[in-house]
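FYI, it's all coordinate maths here, none of it is from the lab. Here the structure is a predicted model, which is why all the values come from computation and not from measurement. Reconstructed Cβ throughout: ideal geometry from the backbone, glycine too, with neighbour counts over all protein chains shown.
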Amino acid sequence: MAQTSPTIWFLTGSQSLYGEDTLRQVAEQSRAVMEELSSGYTGPASLEWKPVVLDSDSIRRVMMEASADDSCIGVITWMHTFSPAKMWIAGLEALRKPLLHLHTQANQSLPWASIDMDFMNLNQAAHGDREYAHILTRMAKARKIVVGHPSDPTVQTRVSEWAYAAQGWMTSQTLKLARFGDNMRYVAVTDGDKVSAQTHFGLSVESLGVNSLVDEVATVSDAEGEKLATDYEALYDVAPELKAGGERRESLVYGAKIEIALRRILESGGYRAFTSNFEDLGALRQLPGLAVQRLMADGYGFGGEGDWKTSALLAIMKSMAPAGGATSFMEDYTYHFGPGTPKVLGAHMLEVCPTLTAGTPRIEVHPLGIGGKEDPVRMVFTADPAEARVVCLVDLGDRFRLVSNEVSIVEPTEDLPKLPVARAVWEPQPSLSQSAESWMLAGGSHHTVLSAAVSRETLEDFATISGTELVTIDADTTRSRFAQELSWSDAYYRGSARR
């Protein structure tokens, strides 16, 4: 996990030939630029100013320090004056943290009437940053470039979005995932190469026997389960049969015991994500539903049927969302082809995160119809309308691919009185037919992360930071062009693998 107080280092480049007076002004203006940027910055890590770097050795040392500092999740660089780029090579080679190149300057407007060569010599970012950008490109250094004055809200927003992606990368690098049982038998897309995933993303997928959860549930007392069930009544709209004295109260208490046991295992093992599988429940009496929903609301990743890739992606995306942001495990379940605008009805057997609604979910108990266990408890609600995206992570054998589709979460066309699960209805861009065709052509999975909180730019930044292919389906997507883009991407990544 990332540190509780993450930081992003703000580095300014110059060189010693300008003299002490100029360098003093560079340092003062560098601090002022960072403070102005901070005034509208909303990222998850504080910006930390570092002394101006003037030579190869100081650059290399500060980059090594940033890479070794667990609280540093990224580095912002700006060339206030001309900083010869060969000085940066060793430092950039040493850097192991996400990089943002801020192309800015201290002054927003030129002082047309008074500008002289002293001003010109001090404010040289227009060509200093281009020199620096050249070496970044030549070294094929992954980075984000943001151009504009630090007071510009667009600049502040774009830096903030990158900071969330850097937070996601830190989460990925330190993520431990508990896999209770195996994945669903014969399913291709939920399987994959866990060694390659750890090499690429840093995350560790660890197998736990489902009976380790069964054993932990057995240690939870009736009083502990009853206490948590009482808390549920204060937080949610609990069905009468599950309330204290209700005929099915014991089902809710058992669901609470599962949550307590899961939390104990995850917290003691340092896990921030997990999976379960309805085919592999051991002696568990019911499939974890309510427990999974509440854990997701607290930021844990989850994947059904042993889908560790989606579980990891959910944990990463939750860390990239503002606190409590609408982000959930999801599955494309069935379609409404018409009349009216075609839509997707997304759900899962039980496990949809309540961050998708601002309303109060209802806790109910119903038969599952699959798995052969007792009727499980779950939250039932409909996701609130919002602009969002569905994202999946797939293993193509030679690389990982992120597939994203821009969508609009909408109200259901009609009520769903007989569907006792949490669900979301959305209209995909550019249309259901074109998005589904493109998604399948890209090899996208049926399990996804639905998020109205993680921005498209943050997702793009994460793909850049992690070196992961990202294909996006949006309002401008056409079948022919998307197929062509996939062909180009295949050629690029397969060519890169041969080098």
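Placing unit charges on each Cβ (+1 for Lys and Arg, -1 for Asp and Glu) gives the chain a dipole about its Cα centre, and among Ala463, Ala452, Ser151 the Cα reaching farthest toward its positive end belongs to Ala463.
Normalised by the number of residues in the range 7-167, the average gap of Cα pairs under 8 Å and 6 or more apart makes the relative contact order 31 percent.
Applying 1/(1 + (r/R0)^6) with R0 = 56 Å to the Cβ-Cβ distance of Ile145 and Ala358 gives a FRET efficiency near 0.95. Selection among Ile260, Gln434, Gly270 by position relative to the dipole of the range 175-498 gives Gly270 as farthest towards the positive end (Cβ unit charges, Cα centre). Whole-Hz Karplus values for the range 339-346 come out as x, x, 5, x, 9, 10, 9, x Hz, taken residue by residue from phi with 6.51 cos²θ - 1.76 cosθ + 1.60 and θ = phi - 60°; glycine and proline positions read x. The value given for the range 45-87 is a Kirkwood hydrodynamic radius of 11.5 Å, derived from the mean inverse Cα-Cα separation.
Taking chymotrypsin sites (Phe, Trp or Tyr not before Pro) as candidate sites, keep only those in a DSSP loop with at most 16 other Cβ atoms within 10 Å, then name the longest stretch of the chain containing none of them.
It runs 338-499.
Each Lys and Arg Cβ is given +1 and each Asp and Glu Cβ -1; about its Cα centre, the chain then shows a dipole of about 1020 debye.
Dipole size in debye (nearest 20) for the range 1-94 around its Cα centre, Lys and Arg Cβ +1, Asp and Glu Cβ -1?
On the way: 6 positive and 12 negative charges, 31 e Å.
Dipole magnitude for the range 1-94 comes out near 140 debye.
For the pair the range 70-87 and the range 124-196, the centres of their Cα atoms are 17 angstrom apart.
Ordering Gln293, Leu281, Gly306 by Cα displacement along the dipole of the range 262-308 toward the positive end leaves Gln293 in first place; charges were set at the Cβ atoms of Lys, Arg (+1) and Asp, Glu (-1).
The Cα center of the range 441-479 and the Cα center of the range 371-394 differ in position by 19 Å.
Counting every pair of alpha carbons in the range 343-482, the share spaced more than 20 Å apart comes to 52 percent.
The range 215-229 and the range 302-366 have Cα centres separated by 27 Å. DSSP beta bridges fully contained in the chain are about 45 percent antiparallel.
Working from Cα pairs under 8 Å separated by at least six residues, relative contact order for the range 390-439 is 31 percent.
Are there trypsin sites (Lys or Arg not before Pro) in the range 1-100 that DSSP marks as loop and that have at most 16 other Cβ atoms within 10 Å, and which are they?
When the trypsin sites (Lys or Arg not before Pro) of the range 1-100 are filtered for loop state and at most 16 Cβ neighbours within 10 Å, Arg96 remain.
Placing +1 on each Lys and Arg Cβ and -1 on each Asp and Glu Cβ, with no other charges, gives the range 77-135 a dipole about its Cα centre of roughly 300 debye. Computed from backbone phi, the HN-Hα couplings of the range 401-416 come to 10, 9, 10, 10, 10, 6, 9, 10, 6, 10, 5, x, 4, 9, 5, 10 Hz, rounded to whole numbers (Karplus: 6.51 cos²θ - 1.76 cosθ + 1.60, θ = phi - 60°; Gly and Pro given as x). Across the range 319-331, coupling constants 3J(HN,Hα) worked out from phi with the 6.51/-1.76/1.60 Karplus curve, θ = phi - 60°, read 6, 8, 9, x, 3, x, x, 5, 8, 8, 4, 8, 8 Hz, and Gly and Pro carry x.
Let me know the whole percent of all Cα-Cα pairs from the chain that are separated by more than 41 Å.
Values: 34678 of 124251 pairs.
Beyond 41 Å sits 28 percent of the P(r) for the chain.
With all pairs of separate Cα atoms included, the range 209-316 yields a Kirkwood hydrodynamic radius of 14.3 Å. In the chain, Cα pairs under 8 Å separated by at least six residues give a relative contact order of 13 percent. The loop-placed GluC sites (Glu not before Pro) in the range 231-281, going by DSSP, that have at most 10 neighbouring Cβ atoms within 10 Å of their Cβ come out as Glu247.
Can you pull the semi-axes for the range 7-167, root of five times each eigenvalue of the Cα gyration tensor, sorted largest first, whole Å? Working shown, then result.
Details: eigenvalues 107, 74, 37 Å².
They are 23, 19, 14 Å, listed from largest to smallest.
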